[in-house]
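Remarks on the structure that follows.
Since every read-out is calculated from the coordinates, none of them should be taken as a lab result. These numbers come from a predicted model, not from an experiment. Note that we place each Cβ from the backbone using ideal geometry, even for glycine, and neighbour counts take in every protein chain shown.
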Amino acid sequence: MIGKQDRDQRTLFIAGDLADFIPDDHILKRVHKVLDLSWLRQAVAGSYCLDNGRPGIDPEAAVRLMLAGFYAGIKEDRKLMREAQVNVAMRWFAGYRLDEALPNHSSLTRIRQRWGEELFRQIFARTVDACMAAGLVNGETVHIDATLIRADVSWESITKKHAEQVWETNAPEERKDDTDPPSPTGSASGQKNAQPKKSSPTDPDATLTTSRHDYPMEPSYKQHTVSDDRAGVIVDVAVTTGEVSEGQRLLETLDRVERATGIEVRTVTADAGYAHPTNYEALEKRGIQAVIPPGPTRTKYTCLPSIQFKYSTRHQRVRCPRGKFLHRSSRVDNGWIYRTRAKDCRGCPLRPRCFSAKGKVRAVLIVDGYEALVRARRKKQQGWIPEWQGHYHRHRNRVEGAHGEAKTQHGLRRAARRGFWNVAIQVYLTAAVMNLKRLAVAIQEGPQPLLRPIRAVLDAIRALERAIRLFMAPWRAWRVIPSWLSGITSIA
């Protein structure tokens, strides 16, 4: 017999707790067990008037609404409030009854403006502390990478910045009498200027950049992420404009990670974008193993490559393939330029291949940290040991996978709002959401206190292995360490 459902439900009566209508494996119900925002009310008390005005939205309820939106991949406030109006799980997670009115979407915007970027950074930092307390953070091995976040601007808003615009905006009294307006095609000395930069007046904090040479440039921000090796917990995030080089922020990022975790980093993995000679040199001085593949060397040369010139750190000079020495000539931003003497090159048989016919001497640039770069290339050519290969293999899952998760599941592919601080808040909340997911899964899978002694033993084995390698490194005998020892330390 065909059934019939009565759709006339003018009155709804609920007997029992609203949580009974939410599955136990729902993500919001699992995160609710590990989320602690009891400190938030006191932290934001200075942003409110205690004895005047109408009562505002509960701070914890506002943050829970934002987090619930990110778990559902909703980043816009209007769409979030429309979904929360009919979503029982979101109402329960934020603490609103079925018959209780939800706040207006504009209230969330005002809350972000009132609290500021720093408060949301503290929310993210609290999730890192919670993951550390649960034993999910090792701290000694981290994975670093950067990704682009498309700014919330249209292509029609992108314009070129011309020098004439700057000239016209300056006050007449600020100009000198003997200067003329700059030429759009060249400078006063006759040299051609670079192409005018493009920007968007809609969001001037965003800059045009691209992550691939075969992909067009887009107005973007750049997120710098650090993930821990043990469970993929995000221990640090930062936001810059899109044109900032991630390799130049490596040391600053490591300093923030060590301050946040209180643990000295021993191994760091990154892609070739961080393969700067100064980074290799600085990491060696700090005793940090850099699992960073050096950038590819050129295969086609128009003249004799500089790699065939031997550099001596002790004597600070360069020797050419014919045995003549190049001496320091001048200093540039990233190193020293070494030049030969004209008399040494005058009768050299390699001169036609070494430099052009118009030149008189050969010049070679030795960048800062050149020796460290050569050692890194040599290690890569000889083959990384199994432990380093394992670290770099997990790099794709730990940090590159985290970027993919944030963009596909939590809406971080494109900025939800405009302005640097707005994008930073979105990044902090997304990272907090991902950390809470990992914490909720770890708590549900099993009792973490039982795993801590095992991990302590594995950490001790890892420290012993590192000490043996450091002791035997001068003789390059660390390769004889049994492979099973590296296999054991890669667990957990």
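One table, with the values for the structure above:
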{"item": "Entries in Lys29/Lys79; Lys285/Lys343; Lys285/Lys380; Lys75/Lys198; Lys79/Lys198 that, when Cα-Cα distance is taken, lie over 30 Å", "result": "Lys285/Lys343; Lys79/Lys198"}
{"item": "Separation between Cα centres of the stretch 115-136 and the stretch 399-438, rounded to whole Å", "result": "14"}
{"item": "Under 5 Å, built H, 5+ apart or other chain: amide partners of Val235", "result": "Val226, Ser227, Asp228"}
{"item": "Label-point gap, in nm, between Lys33 and Ala342 - each point 7 angstrom along Cα→Cβ", "result": "8.1"}
{"item": "Peptides ranked, highest mean first, by Cβ atoms within 10 Å: ranges 36-47, 279-290, 215-226", "result": "215-226, 279-290, 36-47"}
{"item": "Rounded, prolate or oblate (a/c below 1.5 giving rounded, otherwise prolate when a/b exceeds b/c) for the stretch 306-361 by Cα gyration tensor", "result": "prolate"}
{"item": "Gain upon complete extension [Asp20, Glu243; 0.36 nm per residue less C-alpha separation]", "result": "75.3 nm"}
{"item": "Burial ranking of peptide ranges 378-385, 232-239, 420-427 (average Cβ count within 10 Å, highest at the top)", "result": "232-239, 420-427, 378-385"}
{"item": "Distance (nanometres) between label positions extended 7 Å along Cα→Cβ at Val361 and Phe325", "result": "1.4"}
{"item": "Computed FRET value (nearest 0.05) for Arg317 with Arg259, which takes r as the C-beta separation and R₀ as 45 Å", "result": "0.65"}
{"item": "Environment charge at Ala62 (Cβ cut-off 15 Å; Lys +1, Arg +1, Asp -1, Glu -1)", "result": "+2"}
